[in-house]
1. Considering only region 48-62, state which residues are in a loop (DSSP other than H, G, I, E, B) and of a type in the set (V, I, T).
2. Mind telling me which of the residues L98, L94, L31, L62 ends up being touching a helix residue (DSSP H, G or I) at 6+ places or on another chain (Cβ under 6 Å) and in contact (Cβ under 8 Å) with a residue 60 or more places away in the chain?
3. Condition test on L77, is it touching a helix residue (DSSP H, G or I) at 6+ places or on another chain (Cβ under 9 Å) and either assigned to a helix (DSSP H, G or I) or open to solvent by 60 Å² or more (accessible area, probe 1.4 Å) (or both)?
4. What's the number of the condition G73 fails, among (1) on the phi > 0 side of the Ramachandran plot; (2) small (G, A, S); (3) under 11 Å from the mean Cα position of the chain (by Cα)?
5. Would you please list the contacts, defined by Cβ atoms under 6 Å and residues six or more apart or on different chains, that run from a residue in region 34-55 that is within 19 Å of R83 (Cβ to Cβ) and open to solvent by 30 Å² or more (accessible area, probe 1.4 Å) to a residue that is part of a helix (DSSP H, G or I) and among the acidic types (D, E)?
Amino acid sequence: MISPFLRELEKDLGYRHLTAIQPQHILLEQLQATPPRRRQATLVSHIQKDVAQILGRDITQLPDPQLGFFEMGMDSLMSLELRNCLQVNLGQILPSNLTFEYPTINALAEYFLGEGLDEEMLYVADTETSEDTKVQAQILK
């Protein structure tokens, strides 16, 4: 149960991540449902929205994906907040120095698609769907 204080803080600050007691792997689910050629754009868009929210900007003013996080005004605590947000949305433990090693939105997206995400995680939804389809076909027979 979420305390009234945290609910009010969530409303005031616009954070959706405070209620993530049971992690919802939103970004991972989006990536699983996205064709491989569109995953880079999906990642960039999601990270842009997270960064805008963390920086306290309007979501309509998305940051430049090539601009460095610290050039945008992000400090070290904000970068940890971004990492924590991505951990929840991806359902994966990420290194604490993530935004220092990959200091732009584009660099982060490339990292996730290259080595940062377990490829099997990206195809879990496809496997489950095909298994469900097989079971449904057997039932119909």
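1. If we filter region 48-62 for residues that are in a loop (DSSP other than H, G, I, E, B), which is where we start, we get 55-62.
Residues satisfying the conditions are I59, T60.
2. The conditions single out L31.
3. Numbers: touching a helix residue (DSSP H, G or I) at 6+ places or on another chain (Cβ under 9 Å): no; either assigned to a helix (DSSP H, G or I) or open to solvent by 60 Å² or more (accessible area, probe 1.4 Å) (or both): yes.
Considered against the rule, which asks whether it is touching a helix residue (DSSP H, G or I) at 6+ places or on another chain (Cβ under 9 Å) and either assigned to a helix (DSSP H, G or I) or open to solvent by 60 Å² or more (accessible area, probe 1.4 Å) (or both), L77 comes out as no.
4. (3)
5. none
The values are calculated or read from the model by the stated rules, or taken from the named source; none is laboratory data. All values reported here derive from a predicted model rather than from experimental measurement. Cβ atoms come from the backbone with ideal geometry, glycine included; neighbour counts cover every protein chain shown. Ligands, DNA and RNA are excluded from the accessible area calculation, which covers all protein heavy atoms including side chains. Shrake-Rupley method; radii C 1.70, N 1.55, O 1.52, S 1.80 Å.
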